[in-house]
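Contents: one structure, followed by commentary.
The values are calculated or read from the model by the stated rules, or taken from the named source; none is laboratory data. Owing to the predicted nature of the structure, the values given are computational and were not obtained by experimental measurement. Every residue, glycine as well, gets a Cβ built from its backbone with ideal geometry; the counts of neighbours run over all protein chains shown. Each accessible area value is taken on the protein alone, full model and side chains, heavy atoms only, with ligands, DNA and RNA left out. Shrake-Rupley method; radii C 1.70, N 1.55, O 1.52, S 1.80 Å.
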Amino acid sequence: MATVSGDFELTMSELREVARYVAESAQEVLPVFEEAVPGDPRPRAAIDAAWEFVNGAKRTKLQRVTSLDAHRAAKEAEAETARLAARAAGDAAATAYLHPIARATQVGHILRAAASAARISELNAGDDPSVGDLHIERARRRATPTVIAVLSRYPFAPTGKNRTARLMNVLDASLRASD
């Protein structure tokens, strides 16, 4: 079984399962971006590249390039919801290259898409935090034991000041508590 080494090891199977978790979150909010920025294919291309990896394709430049392109689309989007959705798509493609280094910043690659989806749901509900909390709970239940085991190899997510970062912190803590 192929592994990636660093401070610890990650198998390709583990990476694919984490990438599936992230891609599911990003796929859910892709329509938000596509409605706000019709005709920009970059986030969809990133999600497609993520699914290719999840479904057994090798990690290639495709995941790196489409991830960067989706993050550029996020920077260019005017609406916060569109930015969050495009960033989630970029994270989905980037997960194929999750680094096995014990840095809290890596946690964002695992959890930011779910936190972004939760924030989008809040914004779409008139900025209602209870809607985001429910979304985070669904993301917690959707995490497989493998996703939680991989997450647990990293330090806790960095404490953030914006709502998306706080949602990511809540998800991080709840997943580790369920380990």
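If the Cβ limit is 9 Å and pairs must be 6+ apart or interchain, which residue in the stretch 132-147 that is in contact (Cβ under 8 Å) with a residue 40 or more places away in the chain pairs with which residue that is of a type in the set (Lys, Arg)?
Taking only residues 6 or more apart or on different chains, the pairs are THR144/ARG20; VAL147/ARG20.
Could you count how many residues in the stretch 12-31 are open to solvent by less than 30 Å² (accessible area, probe 1.4 Å) and either touching a Gly at 6+ places or on another chain (Cβ under 9 Å) or in a strand (DSSP E or B) (or both)?
The number of residues fulfilling the criteria is 1.
Report, by residue number, each residue of the stretch 32-42 that is assigned to a helix (DSSP H, G or I) and open to solvent by 10 Å² or more (accessible area, probe 1.4 Å).
VAL32, GLU34, GLU35, ALA36, ARG42
Inspect all residues belonging to the stretch 129-140 and state whether any of them is crowded, with 17+ Cβ neighbours inside 10 Å, part of a helix (DSSP H, G or I), acidic (Asp, Glu) and touching a helix residue (DSSP H, G or I) at 6+ places or on another chain (Cβ under 8 Å).
The answer is no; no qualifying residue exists.
Would you call ALA85 modelled with pLDDT of 95 or more, within 23 Å of LEU62 (Cβ to Cβ), aliphatic (A, V, I, L, M) and within 13 Å of the chain's Cα centre (by Cα)?
So ALA85 passes the test.
Criterion first (acidic (Asp, Glu) and either more than 21 Å from ASP172 (Cβ to Cβ) or touching a residue at least 60 places away in the same chain (Cβ under 8 Å) (or both)) does GLU122 satisfy it?
no
Scan the stretch 43-64 for residues that are open to solvent by 60 Å² or more (accessible area, probe 1.4 Å) and either part of a helix (DSSP H, G or I) or in contact with a strand residue (DSSP E or B) (Cβ under 7 Å, 6 or more places away or on another chain) (or both) and report the count.
Residues meeting the conditions: 6.
Please work out if ALA70 is surrounded by 15 or more Cβ atoms within 10 Å (Cβ to Cβ), within 16 Å of SER25 (Cα to Cα) and touching a residue at least 40 places away in the same chain (Cβ under 8 Å).
So ALA70 does not fit the description; no.
With the requirement that a residue be among the basic types (Lys, Arg), in contact (Cβ under 8 Å) with a residue 12 or more places away in the chain and surrounded by fewer than 21 Cβ atoms within 10 Å (Cβ to Cβ), what does the stretch 73-115 give you?
The answer is ARG103, and nothing else.
Please enumerate the residues belonging to the stretch 148-172 that are among the hydrophobic types (A, V, I, L, M, F, W, C) and either modelled with pLDDT under 95 or within 25 Å of ARG83 (Cβ to Cβ) (or both).
LEU151, PHE156, ALA157, ALA165, LEU167, MET168, VAL170, LEU171
Table: residues versus (1) under 28 Å from GLU9 (Cα atoms); (2) in a loop (DSSP other than H, G, I, E, B); (3) in contact (Cβ under 8 Å) with a residue 12 or more places away in the chain.
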residue	(1), (2), (3)
ASP127	no, yes, no
VAL150	yes, no, yes
ARG153	yes, yes, yes
THR159	yes, yes, no
THR164	no, no, yes
MET168	yes, no, yes
ASP172	yes, no, yes
